[in-house]
Amino acid sequence: MSKLPPRLQPLWPFAKRVHRLLTFAVGVVARRLRRLLGERAVPRGAVATVEGWAAHPDAGVVVHGLQPEAPLVREAPAGDPAGHWVFSRADRALVPPSFCLEVPGGTVVGDTGAVISRTGLLDAASSPYFGTASWREHPLFLRGRLPRVRRIEGDLLVLATRGSANYYHYLTDVLPRLGVYAEAVADPDPAPTILVPQGRGWQRTLLEIAGYGHLPVVEDAPDLAVRADRLFVPSIPNVLENAPASTVAWVREHLRPRPEADPRPRRLYVTRGTQPNSRRVVREAELWALLEARGFEKVEPGGLSPQEQIDVFSAAEMIVGPHGAALTNLLFAPAGVTVVELFTASYVNQCYWSISRSIPGAHYEYLVDGDAACHGPGSAMNAILADIEIDPVRVAATVDRLLAARHGA
């Protein structure tokens, strides 16, 4: 999606369908030609669940620390319109299974972190991809063969996964896999090499802040395939974007504000700028005038270092902003924080509410712009970057009510 020019972003749903169909078709052909491609052959099939490896003993895959999926009981948040269906699916929420695979002679492919056994089977549980209906639509099939395979000695710990270049997914999918690994596997000696995205400065910095900057690294890339003596592949803890409490707790424990950070309470408005088709707030100038009068400061997290983002959000008493990756910084917010998230009716997502559920005493509310009734249950919710034309007065009224509640007025 992010690779499309802004003017073409509205075509994303159509482009995604075409991509899925093309990937499926190329994969059918590529699997039939496996014998001609040698070690660069695409997977011949897949194992759908972690339990399924028991039926393939020749692959030698060992499952460590398996914890089964569990229902996630949650109460829907307050918001306008009340009872929006995206937030009312508590009975469908799950904490996914937790495990770490040990894959002898395994291969990991590309920046999606797709894992293939020595017998040519894709591990579907640890190799998901956005918006696909089955493993046959995984983008590793699209080129018809794997990249040239690089061999390394020893153990390789796979942290890379789909969406690794996104701030939200890096903090909730990539780094917390370290915690899953530590929980499932005894301390290794020597420490493994890790496969992790490091192409952006903030990725390297967050790894260092978390305390793992000393580990040897293989940097993932779209044209990379690595075969190791053993792969260790932790499950993706936030694959359903439900932010399990253990994931949020791991991030808050390992990514802390500096002792010298200013602890005074702050009211933050998180902006997405002014670029059209970017999920911006269209009437932001009007909204900002109202919020500034109420003691808010405007924050554009992309202009701050990772540590500065942690420091700023760790002192937030209230956070207001449109849905976007910058709200991932809720992970660092203090107990009792109040959050107001803004949406357009054609794209509502519960991932930041889910984070707030694991922050003690946090209060979250949403405001949806437009006719939510036109995008009811079953809506694809795929207008991912549609702009938000919400009435600033409506937002200010919600802020006033919540501030009064916070301060006992």
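The values are calculated or read from the model by the stated rules, or taken from the named source; none is laboratory data. Just so it is clear, the model here is predicted, and its values are computed rather than measured. All Cβ positions, even for glycine, are placed from backbone atoms using ideal geometry, and neighbour counts span all protein chains on display.
Condition test on Ala165, is it surrounded by 23 or more Cβ atoms within 10 Å (Cβ to Cβ) and of a type in the set (Gly, Ala, Ser)?
Numbers: surrounded by 23 or more Cβ atoms within 10 Å (Cβ to Cβ): no; of a type in the set (Gly, Ala, Ser): yes.
When the stated conditions are applied, Ala165 does not pass them.
Take segment 352-381 and flag every residue that is in contact with a Phe, Trp or Tyr (Cβ under 7 Å, 6 or more places away or on another chain) and either farther than 20 Å from Tyr269 by Cβ or among the β-branched types (Val, Ile, Thr) (or both).
Val368, Gly376, Pro377, Met381
Looking only at segment 31-64, how many residues end up being within 30 Å of Asp187 (Cβ to Cβ) and either assigned to a helix (DSSP H, G or I) or among the basic types (Lys, Arg) (or both)?
Here is the first cut: in segment 31-64, the ones within 30 Å of Asp187 (Cβ to Cβ) are 47, 49-54, 56-64.
Still in the list and also either assigned to a helix (DSSP H, G or I) or among the basic types (Lys, Arg) (or both): 50-54, 57-59.
Going through segment 31-64 one residue at a time, the tally reaches 8.
Are there any pairs with C-beta distances below 8 angstrom linking a residue in segment 100-122 that is under 16 Å from Arg136 (Cα atoms) to a residue that is of a type in the set (Lys, Arg), with the two at least 6 apart or on different chains, and if so which?
Every condition considered, the pairs that remain are Thr112/Arg162; Gly113/Arg162; Gly120/Arg34; Gly120/Arg44; Leu121/Arg44.
So, in segment 97-110, exactly how many residues are touching a Ser or Thr at 6+ places or on another chain (Cβ under 9 Å) and surrounded by fewer than 21 Cβ atoms within 10 Å (Cβ to Cβ)?
Looking only at that region, the number is 3.
Mind listing whichever residues of segment 268-308 are in contact with a helix residue (DSSP H, G or I) (Cβ under 8 Å, 6 or more places away or on another chain) and on the phi > 0 side of the Ramachandran plot?
If the condition is that a residue be in contact with a helix residue (DSSP H, G or I) (Cβ under 8 Å, 6 or more places away or on another chain) and on the phi > 0 side of the Ramachandran plot, then Asn277 is the only one that fits.
Listed here are the residues, each with its yes/no results for (1) acidic (Asp, Glu); (2) in the same structural domain as Ala165 (by TED's automatic domain parsing); (3) modelled with pLDDT under 95; (4) more than 14 Å from Leu178 (Cα to Cα).
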{"position": "Gln203", "(1), (2), (3), (4)": "no, yes, no, yes"}
{"position": "Arg227", "(1), (2), (3), (4)": "no, yes, no, yes"}
{"position": "Val233", "(1), (2), (3), (4)": "no, yes, no, no"}
{"position": "Trp250", "(1), (2), (3), (4)": "no, no, no, no"}
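What is the residue count in segment 332-360 for residues that are within 19 Å of the chain's Cα centre (by Cα), over 22 Å from Arg294 (Cα atoms) and either β-branched (Val, Ile, Thr) or assigned to a strand (DSSP E or B) (or both)?
Result for segment 332-360: 4.
Within segment 117-152, work out how many residues are surrounded by fewer than 17 Cβ atoms within 10 Å (Cβ to Cβ) and not in a loop (DSSP other than H, G, I, E, B).
Selection size over segment 117-152: 4.
What about Asn329, is it closer than 28 Å to Arg252 by Cα and either assigned to a loop (DSSP other than H, G, I, E, B) or of a type in the set (Lys, Arg) (or both)? Spell out the reasoning first.
Numbers: closer than 28 Å to Arg252 by Cα: yes; either assigned to a loop (DSSP other than H, G, I, E, B) or of a type in the set (Lys, Arg) (or both): no.
Spelling it out, it is not the case that Asn329 is closer than 28 Å to Arg252 by Cα and either assigned to a loop (DSSP other than H, G, I, E, B) or of a type in the set (Lys, Arg) (or both).
So Glu253 clears everything in (1) within 19 Å of the chain's Cα centre (by Cα); (2) farther than 26 Å from Val86 by Cβ; (3) assigned to a loop (DSSP other than H, G, I, E, B); (4) not polar (S, T, N, Q) except one condition, right? Which one?
Condition (3) is where Glu253 drops out.
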